[in-house]
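Only one structure is covered here, and it is reproduced in the block below.
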Amino acid sequence: MKKTLIISTLLLLAGTWAAAQTTDTTSAQTTDSSVVKTPTYPVPTSDANDIYPNRTVARYVNRVNPNAPVKTLKSGIMLIGEPGKIRAAEPYGGRSAGEVEYANAANKYKRVFGDSVNVYCMVIPNAGAFYTPNKASSGKNQGTTINRIFSHLSDSVKAVDIYSILGRHAAEPIYSRTDHHWAPLGAYYAAKKFAAVAKVPFKDLTHYKKHVIHNYVGTMYMFTKSQEIKNSPEDFVYYTPDSTVTYETTYINYNTKKGVALSERAPQKGDFFQKGVAGAGCYVVFMGGDAKITQVRTSTKNGRRLIIFKDSYGNAIPGYLFFSFEEIHVIDCRFFKRNIKKYVKDNKITDILFANNIMRGVLAVTSKSYARFLTQ
């Protein structure tokens, strides 16, 4: 358990680290861009209708790498697979009390905003849930944890089960091998499921341009200094919507000190997808980091205005929802200084999605932050 807590602390700090990174290009990395003609990985037809009204996620059995070699470092991080294709993954050891607290945070928002705002709860698993070989331990079962969170949601809060969807697509590159985040493809499947639950339009990857950054080595090397991870580079693949939807992004950045938001800067326009990302910071291609409020106004005029409450895992979700919502407001659970009731009213918000990584979601500080947003 001590090792798991150390890992959780390191990985949850990584979002703050990533926000501080620059996006300079390097000669070691190249970028390919091409329009996706057909989805690289067709989505099973059952995905769109897989709402699980009883809120029980599907049982996952590892058929991707059940017999892969695995080595556990002193930190507890597992190195899985053969040299040159190593996957780094962390076991999960979250607080049981946090399961109830996270559900109750969503429940409270539904009570406060009532029928005027739809509230959704999405719990994002980490890679250990899907790629831990049979002979190793992934810690506490993440599917069980998600079931418990869903079981404590009120009937009026809509559960978004992405665990089952991701499990069905686990043979695809839905998680980075060398980074603690999921891959943008994983976020695509999560956004698709959310859109189905929210009953909004959704476009598949034929409506996106594919970008590939080669020789990517993510944050897991920074955490471990493992040469095995360094020698296992991968492609970082992300997608940007085509010209059939237009959007404008406004950032309200925070001045921070030691990871704490102190004050807001003046709003400024910017690119949602950052240019020139490279190195371990490729994931900051989405919005450039975390310490900000991001507001995206799209050409999708359907009156639906969404808030996404998130940590760094959630950064990869909004870019797949520009065809789905008129506005998307992205708020990090670690950085928000306004009163959320006033924010919802002023921006005519119709939908709120809680979308936290499982490790962040069950921390006491997360649910306390969401409660504070209602009164600060």
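A few points about this structure:
- Taken across the range 11-22, residues that are of a type in the set (Val, Ile, Thr), modelled with pLDDT under 50 and in a helix (DSSP H, G or I) do occur, with at least one present.
- Filtered by the rule that a residue be at pLDDT 95 or above and closer than 10 Å to residue 224 by Cβ, the range 74-95 gives 77, 79, 88.
- Yes/no for residue 290 being surrounded by 15 or more Cβ atoms within 10 Å (Cβ to Cβ) and touching a strand residue (DSSP E or B) at 6+ places or on another chain (Cβ under 8 Å): yes
- For the range 210-234, a residue qualifies if it is at positive phi and assigned to a strand (DSSP E or B), and exactly one does: 215.
- Within the range 237-279, the set of residues being over 23 Å from residue 326 (Cβ atoms), outside any loop (DSSP other than H, G, I, E, B) and of a type in the set (Gly, Ala, Ser) comprises 261, 263, 279.
So that you can scan it fast, the table gives a plain yes or no per residue for (1) β-branched (Val, Ile, Thr); (2) under 18 Å from the mean Cα position of the chain (by Cα); (3) buried (at least 22 other Cβ atoms within 10 Å of the Cβ):
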| residue | (1), (2), (3) |
| --- | --- |
| 136 | no, no, no |
| 141 | no, no, no |
| 146 | yes, yes, yes |
| 152 | no, no, no |
| 155 | no, no, no |
| 163 | no, yes, yes |
| 166 | no, yes, yes |
| 172 | no, yes, no |
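- Residues in the range 65-76 that are under 22 Å from residue 172 (Cα atoms) and surrounded by 14 or more Cβ atoms within 10 Å (Cβ to Cβ): 65, 68, 69, 70.
- Whether a residue is surrounded by fewer than 24 Cβ atoms within 10 Å (Cβ to Cβ), under 15 Å from residue 200 (Cβ atoms) and aromatic (Phe, Trp, Tyr) was assessed, and residue 373 does not pass this test.
- Residue count, the range 262-287 (criterion: of a type in the set (S, T, N, Q) and either surrounded by fewer than 12 Cβ atoms within 10 Å (Cβ to Cβ) or in contact with a Lys or Arg (Cβ under 9 Å, 6 or more places away or on another chain) (or both)): 2
- Test: residue 325 is surrounded by fewer than 24 Cβ atoms within 10 Å (Cβ to Cβ) and of a type in the set (Phe, Trp, Tyr): no
- Within the range 225-249, residues that are within 16 Å of residue 181 (Cβ to Cβ) and hydrophobic (A, V, I, L, M, F, W, C) reach partners that are assigned to a loop (DSSP other than H, G, I, E, B) and modelled with pLDDT under 95 with beta carbons closer than 9 Å, at six or more positions or on different chains, in the pairs 236/29; 236/277; 237/40.
- Tabulated pairs, the range 179-206, first farther than 16 Å from residue 238 by Cβ, second in a strand (DSSP E or B) and of a type in the set (Asp, Glu), C-beta under 9 angstrom, 6+ apart or interchain: 198/351; 200/351
- The listed residue being buried (at least 20 other Cβ atoms within 10 Å of the Cβ), hydrophobic (A, V, I, L, M, F, W, C), within 17 Å of residue 108 (Cα to Cα) and at pLDDT 95 or above, out of 365, 344, 296: 344
- Among (1) crowded, with 21+ Cβ neighbours inside 10 Å; (2) on the phi < 0 side of the Ramachandran plot - the single one residue 252 does not satisfy: (1)
- The sole residue among 281, 319 that is modelled with pLDDT of 95 or more and under 23 Å from residue 218 (Cβ atoms) is 319.
- Extreme residue, nearest to residue 114 (Cα to Cα), among residues of the range 318-354 that are of a type in the set (Phe, Trp, Tyr) and part of a loop (DSSP other than H, G, I, E, B): 325
- Restricting attention to the range 63-107, the residues being of a type in the set (Ser, Thr, Tyr) and assigned to a loop (DSSP other than H, G, I, E, B) number 1.
The values are calculated or read from the model by the stated rules, or taken from the named source; none is laboratory data. Small disclaimer: the values here were computed from a predicted structure and weren't measured. Don't worry about glycine lacking a Cβ; one is built from the backbone with ideal geometry, like all the others, and counts go over all protein chains shown.
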